[in-house]
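Scroll down for the structure; my scribbles are underneath it.
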Amino acid sequence: MPVFRRVRGMRDFLPEEAQIMKYVEGKARRVAQLYGYGEIITPVLESYELLAAKAGEEVRSRMYAFKDLGGRRVALRPEFTASVARLVATTLRNEPKPLRMFSVGSLYRYDEPQQGRFREFWQSNYELMGSSKPEADAEIIMLTNNLMKAAGLKNCVFRVGHVGVLRRILSQEKVEDKVQNRIMQLMDKKEYDDALELVEATGVSEKCLMALQKLVKVKGNKFSEVLNEMEELVEDYESAVDAVRNLREVLELVSESGERIDMMVEAGFARGLEYYTGMIFEPYVPEMNIALGGGGRYDKLIELFGGEPTPAVGVAHGIDRIMLAMQKQKATLKTKEEKTVAVIPIKEKLKGEALKISRMLRDADILVEVEVMGRKVAKALEDADRRKIDYAIIVGEREMREGAVVVRNLGEREQKTVKIERIVGQIKGQN
């Protein structure tokens, strides 16, 4: 018989890991509710043209793309934003703005598997569409910080920049968009020397080259000072100056909100996706050198997909990476304390009574497992104890004749006979 193995880059989540994933997902949903983001569900499979339109060459080359049986070229989604933009350009085009939308689910890229990077991965995604105001950008940053705190992460640092600073310099120097995209991809990988060589090869002015050489070295956590330096370096490029001032407005709003965020402003910061037009950011923790998420402003994507001109800003958080960060920081899951119960019938003929009692307990919102392996009581109790179940309810003939059962507290090794109608109160500590 063949032994079937997982496809490389895919994973199985056992109950404990699945619990952590659902915990983070729950926190992401709660943050969405707190900020007024309505959940939407979009297809895992989209047209290749939609997903490839502004994904960036790096992402395009790693998409799971194929022809379906109808001969259409399709792909598994490598990120959420294109799907949400399609929805806004079509079904939601006449809805009042702003639109605040939340998505969560799996995505697919043919990356080389390594720590924190898989070919199937999970993200929570937030999009705020219809506002060009800096307070919308500030909201997305604050929202992300709230999620990191809700997951129990500490010492997060936000890497922040503005793609408009670099792109507007290059545009004023008449560098083609296609070449700009390649330059930004190199900067995203921190290959600054190669990026600057490519800039020089386009024939830009000496003034431009010198400004970019200095800009890529400018960074710091005192954002006002860093932005002052950036503004001086781009003073000959009016639209780039506007970009710096826009970033200043966003970060000042975050600061004024009282949200405590450690921000590292980097003038040479870029992200691989081509659709960004303004502020961009990524959160990190000291224990990992990969981003826990990323986002920013993209004001032209909806229009590209046939919709009305719609400014937008969004962020995606890597649920897998947040889980890994929690593990590295030994963050604890702050879950509601719930008692668990095993119901064990002593004899075969008492199985129906065991199921009836289990139904009664579940109706009272108590977690219940019924013994279904036909084990003797001693073995069933041993198994329940091993799995850290709190209580065992032993259904015996003698007790049932009196309308009662034996309730055993597995932690304290104590047991007592309890009337069936009082079991719920006993488990919940109300008796």
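Taking amide H positions as modeled 1.01 Å from N, with prolines and chain starts lacking one, the residues under 5 Å from Glu369 and 5 or more places away or on another chain are Val341, Ala342, Val343.
For Lys190, the aspartates and glutamates whose Cα falls under 19 Å of its own Cα, not counting residues fewer than eight places away in the same chain, are Glu57, Glu58, Asp111, Glu112, Glu200, Glu266, Glu274, Glu282.
The label point for Lys189 and the one for Tyr48, both projected 7 Å from the Cα toward the Cβ, are 2.3 nm apart.
Let's see if you can work this out: charge +1 on each Lys and Arg Cβ, -1 on each Asp and Glu Cβ, no other charges. What is the dipole magnitude of the chain about its Cα centre, in debye to the nearest 20?
Values: 70 positive and 68 negative charges, 505 e Å.
Magnitude of the dipole: close to 2420 debye.
Taking a ≥ b ≥ c as the square roots of the eigenvalues of the Cα gyration tensor, segment 9-125 is oblate, since a/c reaches 1.5 or more and a/b is not larger than b/c.
Of the trypsin sites (Lys or Arg not before Pro) found in segment 118-219, those that fall in a DSSP loop while having at most 15 other beta-carbon atoms within 10 Å are Lys154, Lys174, Lys189, Lys190, Lys217. One quarter of the surface of the convex hull around the alpha-carbon atoms of segment 225-344 equals 13.2 nm², the direction-averaged projected area. Think of segment 236-364 as a dipole: +1 on every Lys or Arg Cβ, -1 on every Asp or Glu Cβ, centred on the Cα centre; then among Leu301, Ala364, Ser257, Ala364 lies furthest on the positive end. What the phi angles of segment 29-40 give under the Karplus curve with 6.51, -1.76 and 1.60, with θ = phi - 60°, is a coupling list of 5, 5, 4, 4, 5, 4, 9, x, 8, x, 7, 10 Hz, glycine and proline written as x. In straight-distance terms, cross-link reach from Lys419 covers every one of the aspartates and glutamates whose alpha-carbon lies under 15 Å from its own, apart from those fewer than eight places away in the same chain; here that gives Glu353, Glu397, Glu399, Glu402. For the residue pairs Lys27/Lys379; Lys149/Lys214; Lys189/Lys300; Lys214/Lys328; Lys22/Lys67; Lys154/Lys219, the alpha carbons lie more than 29 Å apart in Lys27/Lys379; Lys149/Lys214; Lys214/Lys328; Lys22/Lys67. If I take R0 = 22 Å and measure r between the Cβ atoms of Lys428 and Ala331 in this structure, what FRET efficiency does the formula 1/(1 + (r/R0)^6) give, to the nearest 0.05? In this case the efficiency is close to 0.15.
Count neighbours as other Cβ atoms within 10 Å of each site's Cβ, and list the trypsin sites (Lys or Arg not before Pro) in segment 358-431 that are DSSP loop with at most 16 such neighbours. Loop-located and lightly packed - Arg375, Lys376, Arg387, Lys388, Arg413, Lys428.
Here segment 302-431 is treated as a Stokes sphere of Kirkwood radius computed over C-alpha pairs; at 20 °C and 1.002 mPa s its diffusion coefficient rounds to 121 µm²/s. Checking (1) 20.6; (2) 22.4; (3) 28.1 against mean projected area of the Cα convex hull in nm² calculated from these atoms, the matching label is (3). Restricting segment 13-76 to trypsin sites (Lys or Arg not before Pro) that sit in a DSSP loop and have at most 14 other Cβ atoms within 10 Å of their own Cβ leaves Arg72. Close amide H contacts of Met264 (hydrogens built in the peptide plane, cut-off under 5 Å, sequence separation of 5 or more or a different chain): Phe158, Arg159, Val160.
The string of couplings for segment 404-411 from the Karplus curve (6.51, -1.76, 1.60, θ = phi - 60°) is 9, 9, 9, 9, 10, 7, 6, x Hz, one whole number per residue in order, with x for Gly and Pro. Annotation: lysines with alpha-carbon distance below 17 angstrom to Lys174 (same-chain offsets under eight excluded): Lys207. Summary of the geometry: segment 360-399 and segment 289-320, compared by the centres of their Cα atoms, lie 49 Å apart.
Bear in mind that the values in this text are calculations on the coordinates, not laboratory data. Predicted model, so just to flag it, every value in this text is computed and none were measured. Here Cβ is always computed from backbone atoms with ideal geometry, including for glycine, and neighbour counts include all displayed protein chains.
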